[in-house]
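Participant: Structure in structure tokens, see below.
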């Protein structure tokens, strides 16, 4: 009897332990379900923000495309819809911009409001890019669907206005934007060139057709007969309006100095052993408030830059090649490399107030924007300098990959397809400039200035019209 009674407490204890373990399993399941719901919400919200950014970029581009054709209302609506379908194809997103979401009207400057009107005196366009509620396919959710929230409706709007501005008051007709090659310049089809941009190919210029030009665009070559523009869209300036029918000869200013520029930088910054620099070889925006930049030397065969490695107001001189890993961007930084410079890309990357100079190829992926997005024309100064002694390649095609106040010089310049420049660009190439088509390139109303001497194209001052996003 004593032995039997002695075992009962242990048996009871074992049952309690089993009961506690069961409670722990229940709590584990509940915690796991909670974590899964939180993760699902995070995934759905992140996807919603991604779609929202894509819709906003599409709306901005469509508004600018439409306002440039505002004199032809049907053409303006068609241009907006065409660009929206290019950025967000209907087979993947549905029709994100039906005609009803492209509104023509008047922009009242005093009140800062858009007024829709049926009168044929439009100076503004408001567009909405939308997924869901008759604007395209809804955005599906993932785990939120388990809580009866199976989809979201997401929209983004943009308003563009058309207004007169003084242009090239000091006589440099191409001061707000110039892309030139000492040989030939080629572009695919479906391009938009606006706001006084100048394009020059010494041995010829060729467009693929279906392009749109404002009448202040200038296309030139040494022999005008080597210019092939192809067809233009409805509402575009004609070939005769944009083609310079006299011989034009341009000589590069930066290209002949590239070797000397690189050698001087290397000698004065890398070989000197200095730890700070404040001389004239670097643009002022690299320097800190005290007027100098720190110097970091990288003397290894290959340097892979990780997020957080680049500090503002610093000059990095690299003795070999290098690669910026994904999700790495830079502000107020100079990079000078003996070899090639690559960039892996990533979401929402920005390169602003930078000098990139490679002795080898400069090869950047397409998911980055360059320059300051809001005031690039108002500031009148270049924000990005990109030089190579061999070739510059930009990935192109990404809806967010815009350049602003951008200067580049290299024997070959290949920005890829769907190259987008918001305003203020200067490019010199000694061999070939090749753009893959679907480009949007604009000049600035006034002349751009920079750290390096640029080509001046003398001509009479003139008044032009420019397009601008206001909301």
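Participant: Are any of the residues in the range 47-56 under 19 Å from residue 100 (Cα atoms) and at pLDDT 75 or above?
Facilitator: yes
Participant: State whether the residues of the range 328-336 include one that is at pLDDT 95 or above, in a loop (DSSP other than H, G, I, E, B) and crowded, with 18+ Cβ neighbours inside 10 Å.
Facilitator: No, because not a single residue in the range 328-336 is at pLDDT 95 or above, in a loop (DSSP other than H, G, I, E, B) and crowded, with 18+ Cβ neighbours inside 10 Å.
Participant: I would also like to ask the following. For residue 170, indicate whether it is part of a loop (DSSP other than H, G, I, E, B) and modelled with pLDDT under 80.
Facilitator: In short, yes.
Participant: Continuing with this model, one more query. Would you confirm, using the coordinates I've provided, whether residue 34 is assigned by the TED database to the domain that holds residue 152, modelled with pLDDT under 75 and not in a helix (DSSP H, G or I)?
Facilitator: Taking the combined requirement at face value, the residue does not satisfy it.
Participant: Out of everything in the range 388-413 that is in a strand (DSSP E or B) and surrounded by fewer than 24 Cβ atoms within 10 Å (Cβ to Cβ), what residue ends up being modelled with the lowest pLDDT?
Facilitator: Among those residues, the one meeting the criterion is 402.
Participant: Just give me the residues in the range 86-104 being out of contact with any helix residue (DSSP H, G or I) (no Cβ under 7 Å at 6 or more places or on another chain) and at pLDDT 90 or above, in sequence order.
Facilitator: 89, 90, 91, 92, 93, 94, 95, 98, 100, 101, 103
Participant: So, one more: Take the range 249-273 and flag every residue that is part of a loop (DSSP other than H, G, I, E, B) and buried (at least 18 other Cβ atoms within 10 Å of the Cβ).
Facilitator: Within the range 249-273, 250, 252, 254 qualify.
Participant: Hey, can you tell me all the residues within the range 68-90 that are surrounded by fewer than 21 Cβ atoms within 10 Å (Cβ to Cβ) and more than 23 Å from residue 195 (Cα to Cα)?
Facilitator: Once the filter is applied, which keeps residues that are surrounded by fewer than 21 Cβ atoms within 10 Å (Cβ to Cβ) and more than 23 Å from residue 195 (Cα to Cα), the range 68-90 yields 85, 89, 90.
Participant: Continuing with this model, one more query. Let me confirm something: among 329, 245, 264, which residue is closer than 30 Å to residue 67 by Cα and in the same structural domain as residue 390 (by the TED database)?
Facilitator: 245
Participant: Also, I was wondering about something else. Inside the range 91-115, can you point out the residues that are loosely packed, with under 13 Cβ neighbours inside 10 Å and not in a loop (DSSP other than H, G, I, E, B)?
Facilitator: Scanning the range 91-115 gives 91, 92, 99, 100, 108, 115.
Participant: Of all the residues that make up the range 248-298, how many are touching a helix residue (DSSP H, G or I) at 6+ places or on another chain (Cβ under 7 Å) and in contact (Cβ under 8 Å) with a residue 12 or more places away in the chain?
Facilitator: Looking only at that region, the number is 5.
Participant: What is the one condition in (1) in a loop (DSSP other than H, G, I, E, B); (2) surrounded by fewer than 19 Cβ atoms within 10 Å (Cβ to Cβ) that residue 418 does not satisfy?
Facilitator: The single condition residue 418 does not satisfy is (2).
Participant: A further question follows. Looking at 196, 235 in this structure, which one is crowded, with 21+ Cβ neighbours inside 10 Å, touching a residue at least 40 places away in the same chain (Cβ under 8 Å) and part of a loop (DSSP other than H, G, I, E, B)?
Facilitator: Matching residue, one of 196, 235: 196.
Participant: Could I ask something else about it? Does at least one position in the range 232-242 carry a residue that is closer than 25 Å to residue 390 by Cβ and assigned by the TED database to the domain that holds residue 413?
Facilitator: Looking through the range 232-242, none of the residues is closer than 25 Å to residue 390 by Cβ and assigned by the TED database to the domain that holds residue 413.
Participant: Looking only at residues that are in a loop (DSSP other than H, G, I, E, B) and within 30 Å of residue 82 (Cα to Cα) in the range 447-471, which one is modelled with the highest pLDDT?
Facilitator: 470
Participant: Scan (1) out of contact with any helix residue (DSSP H, G or I) (no Cβ under 6 Å at 6 or more places or on another chain); (2) modelled with pLDDT under 85; (3) closer than 19 Å to residue 157 by Cα for the single condition residue 70 breaks and write down its number.
Facilitator: Only one criterion in (1) out of contact with any helix residue (DSSP H, G or I) (no Cβ under 6 Å at 6 or more places or on another chain); (2) modelled with pLDDT under 85; (3) closer than 19 Å to residue 157 by Cα is unmet by residue 70, namely (1).
The values are calculated or read from the model by the stated rules, or taken from the named source; none is laboratory data. Predicted model, so just to flag it, every value in this text is computed and none were measured. Positions of Cβ are backbone-derived with ideal geometry, glycine not excepted, and every protein chain shown enters the neighbour counts.
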